[in-house]
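**Q** Quick one: the structure is below, and I'll ask about it shortly.
The values are calculated or read from the model by the stated rules, or taken from the named source; none is laboratory data. Since this is a predicted model, take the numbers as computed values, not measurements. Here Cβ is always computed from backbone atoms with ideal geometry, including for glycine, and neighbour counts include all displayed protein chains. With ligands, DNA and RNA removed, areas are computed over all heavy atoms of the protein, side chains included. Shrake-Rupley method; radii C 1.70, N 1.55, O 1.52, S 1.80 Å.
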Amino acid sequence: MKRLAVLIAFIATTYSFAQTTWKVDPYHSKVSFSVSHLVISEVDGSFNSFDGSFISNKDDFSDAEITFEIDASSIDTDNAKRDGHLKSEDFFYVEKHPEITFTSTSFKKKSKKRYQLKGNLVMRGITKKVTLDVSHGGIIANDGNGNTKAGFKITGIINRTDFGVAWNAKTEHGGMVVGEDIEITVKLELVKKDTNVN
């Protein structure tokens, strides 16, 4: 029994691993979107307050678990009146649904620098599965302040009406004032934080 206990302890030690957490650096990251306006043009916007992390056991991030949270009230389209409307019940209804969240279900490596990210996006209290494209910019061992950094760019398109963000109106020519498809671009710079896990 004693030998068995020693063997089990040896195996547990041998198969311990270093789990790595990468946290979003908000000062070098951006969450932005674009939507058509009056059919003929586009309006761009961003969210100024957000947080997130990648947790991975592999150096190539292929097993990464990704979470992300956005403060919906931090929406910014360079127009205070429009931002107020977007925060209202017509759109994000931030009083009742202050956060937009994302939790990954898979992060598959497609090539050396490209991944496919799938997960659950929660907006206005509604959860939908989404698929996003990810490009990996690389890793730098020292950013000048002793930090290891990784860069990613996430892109995709979601339909806002799937999440109850459904306000619209018709123009005099029959087109819609606001498009339904939203182009998302998330540029991330992550800071590496190591934790040992047994």
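**Q** I'd like to check something: does the range 136-151 contain any residue that is more than 15 Å from Val24 (Cα to Cα) and in contact (Cβ under 8 Å) with a residue 40 or more places away in the chain?
**A** Taking every residue of the range 136-151 in turn, none turns out to be more than 15 Å from Val24 (Cα to Cα) and in contact (Cβ under 8 Å) with a residue 40 or more places away in the chain.
**Q** Counting just the residues of the range 49-86 that are open to solvent by 70 Å² or more (accessible area, probe 1.4 Å) and either charged (D, E, K, R) or under 15 Å from the mean Cα position of the chain (by Cα) (or both), which one comes out modelled with the lowest pLDDT?
**A** Residues of the range 49-86 open to solvent by 70 Å² or more (accessible area, probe 1.4 Å): 57-59, 65, 78, 80-82.
Filter once more, so that each one left must be either charged (D, E, K, R) or under 15 Å from the mean Cα position of the chain (by Cα) (or both): 58-59, 65, 78, 81-82.
Details: Lys58: 88, Asp59: 84, Glu65: 96, Asp78: 92, Lys81: 94, Arg82: 89.
Out of the qualifying residues, it is Asp59.
**Q** Among what's in the range 87-111 and is assigned to a loop (DSSP other than H, G, I, E, B) and touching a Lys or Arg at 6+ places or on another chain (Cβ under 9 Å), pick the residue that is surrounded by the most Cβ atoms within 10 Å (Cβ to Cβ). Give the derivation first.
**A** Here is the first cut: in the range 87-111, the residues assigned to a loop (DSSP other than H, G, I, E, B) are 88-98, 110-111.
Filter once more, so that each one left must be touching a Lys or Arg at 6+ places or on another chain (Cβ under 9 Å): 89, 91-97.
Details: Glu89: 12, Phe91: 19, Phe92: 23, Tyr93: 18, Val94: 19, Glu95: 11, Lys96: 9, His97: 18.
Residue satisfying both the conditions and the ranking: Phe92.
**Q** Could you list all residues from the range 44-74 that are touching a helix residue (DSSP H, G or I) at 6+ places or on another chain (Cβ under 9 Å) and not acidic (Asp, Glu)? Give the derivation first.
**A** Looking only at the range 44-74, we keep the residues that are touching a helix residue (DSSP H, G or I) at 6+ places or on another chain (Cβ under 9 Å), and these are 45-51, 72-73.
Of everything in the range 44-74, those that are touching a helix residue (DSSP H, G or I) at 6+ places or on another chain (Cβ under 9 Å) and not acidic (Asp, Glu) turn out to be Gly45, Ser46, Phe47, Asn48, Ser49, Phe50, Ala72, Ser73.
**Q** Can you spot a residue in the range 27-44 that is at pLDDT 65 or above, of a type outside the set (Val, Ile, Thr), open to solvent by less than 60 Å² (accessible area, probe 1.4 Å) and closer than 20 Å to Lys108 by Cα? Even if it seems obvious, please write down each step before you answer.
**A** Pass one, the range 27-44, residues at pLDDT 65 or above: 27-36, 42-44.
Retained after the next criterion (residues that are of a type outside the set (Val, Ile, Thr)): 27-30, 32-34, 36, 42, 44.
Of the ones still in play, those that are also open to solvent by less than 60 Å² (accessible area, probe 1.4 Å) are 29, 32-34, 36.
Going one step further and asking which of them are closer than 20 Å to Lys108 by Cα, we end up with none.
Within the range 27-44 (the criterion being at pLDDT 65 or above, of a type outside the set (Val, Ile, Thr), open to solvent by less than 60 Å² (accessible area, probe 1.4 Å) and closer than 20 Å to Lys108 by Cα), the answer is no, since none of the residues qualifies.
**Q** Of everything in the range 141-198 that's of a type in the set (S, T, N, Q) and modelled with pLDDT under 85, which residue is most open to solvent (accessible area, probe 1.4 Å)?
**A** Our first condition is that a residue be of a type in the set (S, T, N, Q); within the range 141-198, this holds for 142, 145, 147-148, 155, 159, 161, 168, 171, 185, 195-196, 198.
Then keep just the ones that are modelled with pLDDT under 85; that gives 168, 171, 195-196, 198.
Values: Asn168: 42, Thr171: 35, Thr195: 62, Asn196: 141, Asn198: 162 Å².
Looking at residues that are of a type in the set (S, T, N, Q) and modelled with pLDDT under 85, I get Asn198.
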